[in-house]
1. Taking segment 224-244 on its own, how many of its residues are out of contact with any helix residue (DSSP H, G or I) (no Cβ under 9 Å at 6 or more places or on another chain) and open to solvent by 60 Å² or more (accessible area, probe 1.4 Å)?
2. Does Glu248 qualify as being modelled with pLDDT of 80 or more, open to solvent by 90 Å² or more (accessible area, probe 1.4 Å) and under 17 Å from Leu278 (Cα atoms)?
3. Tell me which of these Thr184 doesn't satisfy, since it passes every other one: (1) β-branched (Val, Ile, Thr); (2) part of a helix (DSSP H, G or I); (3) touching a Phe, Trp or Tyr at 6+ places or on another chain (Cβ under 8 Å).
4. Provide a single number: the residues in segment 182-224 that are over 30 Å from Lys280 (Cβ atoms) and in contact (Cβ under 8 Å) with a residue 40 or more places away in the chain.
5. I'm told Ser445 meets every condition in (1) at pLDDT below 90; (2) within 22 Å of the chain's Cα centre (by Cα); (3) closer than 29 Å to Ser294 by Cα except one. Can you identify the failing condition by its number?
6. Please specify each residue of segment 75-121 satisfying the condition of being of a type in the set (Gly, Ala, Ser), crowded, with 17+ Cβ neighbours inside 10 Å and either at pLDDT below 90 or in contact with a Pro (Cβ under 8 Å, 6 or more places away or on another chain) (or both).
7. Are any of the residues in segment 121-133 free of Cβ contacts under 8 Å to residues at least 12 places away in the same chain and over 34 Å from the mean Cα position of the chain (by Cα)?
8. For segment 194-210, indicate whether the set of residues that are more than 22 Å from the chain's Cα centre (by Cα) and open to solvent by less than 50 Å² (accessible area, probe 1.4 Å) is non-empty.
Amino acid sequence: MADKCTDRCRAEKCSLTDNAHYSDDDSVVNLLPTRVGFVVETQAAMIARQANGTAAAGRDGLRLGAGDWTVNESRAALLIVDDNDDNRYTLTLQLNLEGYTNLTVATNGREALDALQSRPFDLVLLDVMMPDVNGYDVLENMKANPELRDLPVIMISALSEIDSVIRCIELGAEDYLSKPFNPTLLRARIGASLEKKRLRDEIKENSRRLETASTHKSQFLANMSHELRTPLNAIIGVTEMMRDDAQELKLDDKIEPLDRVLGAARHLLALINDILDLSKIEAGRMELHLDSFSLNPLIEDIVKTIEPLAAKNANRVVAHCDSAIGMMHADPMRIRQALLNLVSNANKFTERGTIAINAGLEDGHRDRVTIAVTDTGIGMTVEQMGKLFREFSQADSTTSRNYGGTGLGLAISRRFCQMMGGDITVESEPGRGSTFKIWLPRIASPTPKALPALELMANSPQHS
């Protein structure tokens, strides 16, 4: 072991043990040989191990493959990669004095990659200039590996040129230290990197928990929706038969309450269907049924559907579909659902006005179809538009109180459009009305999953 001595070790005392070396402050450290180098063991840890009668690769060790890999217990596992014996010794000694005892050392890039595949680490201290597989290669390999890409790496090198620093940062290094390193700077940067990793791990764990909770919520809503729809459909069916009988028997005083029951039941069924759709989308189980169809008959059907409701608000409905669109290939049922939702909202927030539906090819994009729904209703502020596409949210509490609704329709409509490769945007101005625009590829291909509940990045509120 004497050939491992440096000027930091009192060589004349090395004869005491094969592995014992003295640091500058006369404290003894033990360099335990491992498959990839040496691991630092403090004097206190060595005494405790000897008192317990455990070997260097005993209770606190970790066995990997055919060889023993000895590391001491510590909250942070650090991997030191350097091909120079003196540099490894200096760095392990300094880190040991700072309280880091769970240190693993690799003498080259290949050993480092083997170590990273064998056990988890919290931080890698990586030399840049090494033969065969250098630090750049190791870093690039780590960032290409999904399991290692978030592991923080501090590059350590005698190279101080700005190009070397830039290359390391571009490859994904957390930080960069020049040799000879300052112990205070080393401590600060290791501490900062470990804290960032702790926060990233915490965010990942919280995200995982939220995703699990969201999945359970969606499954619960889907199950409850199925359970509620069965008796509700029975209520609607029986009520419709009772209404028909009352009409035949000319029991006019019975028709009005039965109509109210039907209206409430259908409204509740629509709400349950919305919840079921949303839960399927969030759980990734919503399927699209793509087909070729003409858009014009679909729009005409929606106009006929909304006209009785528009008459109650004294609104006029006009529609135009450009023949240049030709045939579309998408899910006609989901397009109809989204468009009917936009037209229904336009009618709900407009009185004695006009609702216009205009479909055509987007300027400069012959393969993109736009369907604009414009109203002359109450309009919205920029702040209100920012809340539109959140589930169970409406523009404000006044809107919910005065006009009703659950805030699910727009969120679901946008998700359907996103699943077909499109989106919904909005322009509005208070007192002047709103324009909601669906845009879709003329030939849609389903995406694996709709985007998560993104807040709408509304266009500037210019509306004519």
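The values are calculated or read from the model by the stated rules, or taken from the named source; none is laboratory data. Source: prediction; values computed, not measured. Note that each Cβ is placed from the backbone with ideal geometry, even for glycine, and that neighbours are counted across all protein chains shown. Just the protein is used for accessible areas: all its heavy atoms, side chains included, with ligands, DNA and RNA removed. Shrake-Rupley method; radii C 1.70, N 1.55, O 1.52, S 1.80 Å.
1. 6
2. So Glu248 fails the test.
3. (3)
4. Result for segment 182-224: 9.
5. Only one criterion in (1) at pLDDT below 90; (2) within 22 Å of the chain's Cα centre (by Cα); (3) closer than 29 Å to Ser294 by Cα is unmet by Ser445, namely (2).
6. Ala76, Ala77
7. No, segment 121-133 has no match at all.
8. yes
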